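**Student:** Here it is: the structure, laid out below.
Every number in this text was worked out from the coordinates using simple rules, so none of it is lab data. Quantities reported herein were computed from a predicted structural model and do not represent experimental measurements. No Cβ is skipped: glycine too gets one built from the backbone with ideal geometry, and neighbour counts run over all protein chains shown.
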Amino acid sequence: MKKIAVLAVLSALCLGAYAQTPKDVKYVFTEASSLNLIGKIQEGTPNPYHRVDTVKYKGFTKGENTQVRCPAGLAVVFKTNSTTISVKTEFGYEYSAPNTMALAYRGYDLYIKSEGKWLWAASGATKPGHSSDNLVLIKHMDDSEKECLLYLPIYSEVLSMKIGVQEGAMIEPIESPFRYRVGIFGSSYTHGISTSRAGMSYPMQFTRNTGIQMLSLGCSGNCKMQPYFADVLCDADVDALVFDCFSNPDAKMIEDRLFPFIEKIQAAHPDIPLIFQQTIYRESRNFNLQNERNERAKQDMAAKMMAQAVKKYKNVYFITTNATDASHETSVDGTHPGDYGYTLWEQSIEKQILKILKKYGIKAPGKRK
């Protein structure tokens, strides 16, 4: 018995040593866009990591132009048997903000499939001034074949992104694990501001939870139903569209712009569902009376206009949202929820959206929870 026990221990030690990443590992790099880059609302951009071709589409302000060049919501899917995974990035623009983790705005977020579900594996970001360094996300894994989902930075322009695996290991693209193409145009909430990691915005959580792919056109502070954003959405190859477009504009802008915005998009997409979300309750209105008046006016106008819109237009829907709980402790800065708040938001809309999509033959291929 002692002999068997010793052999078992030795076998375990050998297996552990075999799986260790070498101390002086040599990395081989593959440009991520040569694998399978998913989550893009507009395919064929000159820079594969841009969400919109800003040469083709005119009218964006300088800030909007910067935002749509950031790869928020984009991810790379691939398989590898490497025991380590790293990333090398060439940035065109690097964002910085006190209310969002660097892991989200300039970092990477890695998930690996485990027992049929996407399980968080690692996240990381380089230190300021070291953006071109080889960023090791994870090491000391076993050498089995792994399906990987790697989210890109939400608010920094990427010119080149290379994924590193150890020399001798394989890395290959895989088919997208998510079905359909559901575009989502929205504010900083949809963009993912105040998330701790790049994969934690509510559209990305929705995608992992349901298996239905959301294509993010979140633009912080700039989702105001502008006609040039409508041009991008009109040309998008999508099965449905979801909107978080009542968070940025004031009540008067909602009243003036909503119907022309719907009509322009419906002219291009007459048969797909257009799903509008009410904006969430912002905690900054708890004691600030001016914020309370402005936010109440915005929500009231959205509810009033959408009550008319769902009767006036075919295939138009209005759903409720929630990003807080009874404690009202989910906010980061009074405006944006943290990760838990975004999880609550996703949970509040998931059943509502799936019910609508089902009417159009769009069914969730598999739910994580």
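**Student:** What FRET efficiency comes out for the pair Ser132/Tyr57, r = Cβ-Cβ distance, R0 = 45 Å, nearest 0.05?
**Tutor:** The calculated FRET efficiency here is 0.90.
**Student:** I've got another one for you. Size of the dipole of the chain about the Cα centre, Lys and Arg at +1 and Asp and Glu at -1 on the beta carbon, nothing else charged, in debye to 20?
**Tutor:** 720
**Student:** Let me ask you something else. Show that you can apply the helix-only estimate: for the chain, add -39,500 (n - 2.57) for every DSSP H stretch of four or more residues, divide by all residues, and state [θ] at 222 nm to the nearest 500.
**Tutor:** Theoretical 222 nm ellipticity from helices: -9500 deg cm²/dmol.
**Student:** Same structure, new question: How much of the DSSP bridge set in the chain is antiparallel, in percent, rounded to the nearest 5?
**Tutor:** 70
**Student:** Scan the chain and report its longest stretch carrying no GluC sites (Glu not before Pro) that are both in a DSSP loop and have at most 13 other Cβ atoms within 10 Å.
**Tutor:** With GluC sites (Glu not before Pro) excluded where exposed in loops, the chain gives 176-328 as its longest stretch.
**Student:** Using the Karplus curve 6.51 cos²θ - 1.76 cosθ + 1.60 with θ = phi - 60°, work out ³J(HN,Hα) for each residue of region 21-27 in order, rounded to whole Hz, and write x for Gly and Pro.
**Tutor:** Going residue by residue, I get 6, x, 4, 9, 4, 9, 9 Hz, with x marking Gly and Pro.
**Student:** If you filter region 239-332 for trypsin sites (Lys or Arg not before Pro), then keep DSSP loop positions with at most 13 other Cβ within 10 Å, what is left?
**Tutor:** The qualifying sites are Lys314.
**Student:** Now for a separate question. Give me a comma-separated list of calculated 3J(HN,Hα) values for region 273-280, in order, Karplus coefficients 6.51, -1.76, 1.60 applied at θ = phi - 60°, integers in Hz, x for any Gly or Pro.
**Tutor:** x, 10, 10, 9, 9, 5, 6, 7
**Student:** Give me the net charge for the shell around Arg197: Cβ to Cβ below 13 angstrom, other residues only, Lys and Arg +1, Asp and Glu -1.
**Tutor:** 0
**Student:** Continuing with the same structure: So for region 215-266, taking the charge dipole from beta-carbon charges (+1 Lys/Arg, -1 Asp/Glu), which of Ala240, Phe259, Leu215 sits furthest toward the positive end?
**Tutor:** Farthest along the dipole direction, towards plus: Phe259.
**Student:** Quick one: grab the alpha carbon gyration tensor of region 24-173, order the square roots of its eigenvalues as a ≥ b ≥ c, and give me rounded if a/c is under 1.5, else prolate or oblate depending on whether a/b is larger than b/c.
**Tutor:** Prolate, because a/c is 1.5 or more and a/b exceeds b/c.
**Student:** On to the next question. Which chymotrypsin sites (Phe, Trp or Tyr not before Pro) in region 264-369 pass both tests, a DSSP loop state and at most 11 other beta-carbon atoms within 10 Å?
**Tutor:** Those that pass, being in a loop and sparsely packed, are Phe287.
**Student:** Taking the Cβ of Ala307 as the centre, find all other residues whose Cβ is under 14 Å away and add up their charges (Lys, Arg: +1; Asp, Glu: -1).
**Tutor:** My count for the surroundings of Ala307 gives +1.
**Student:** If I fit a long axis through the Cα atoms of helix 2-19 and take the longest principal axis of the Cα atoms of the chain, what angle between them do I get, 0 to 90°, rounded to 10?
**Tutor:** 50
**Student:** Another question, if that's okay. Size of the dipole of region 179-358 about the Cα centre, Lys and Arg at +1 and Asp and Glu at -1 on the beta carbon, nothing else charged, in debye to 20?
**Tutor:** Computed charge dipole of region 179-358: roughly 420 debye.
**Student:** Also, quick follow-up: Take Phe287 and Asp235, extend 7 Å from each Cα along the Cα→Cβ direction, and tell me the distance between the two endpoints in nm.
**Tutor:** 4.9
**Student:** Can you give the relative contact order of the chain as a percent, counting alpha carbon pairs under 8 Å and 6+ residues apart?
**Tutor:** 17
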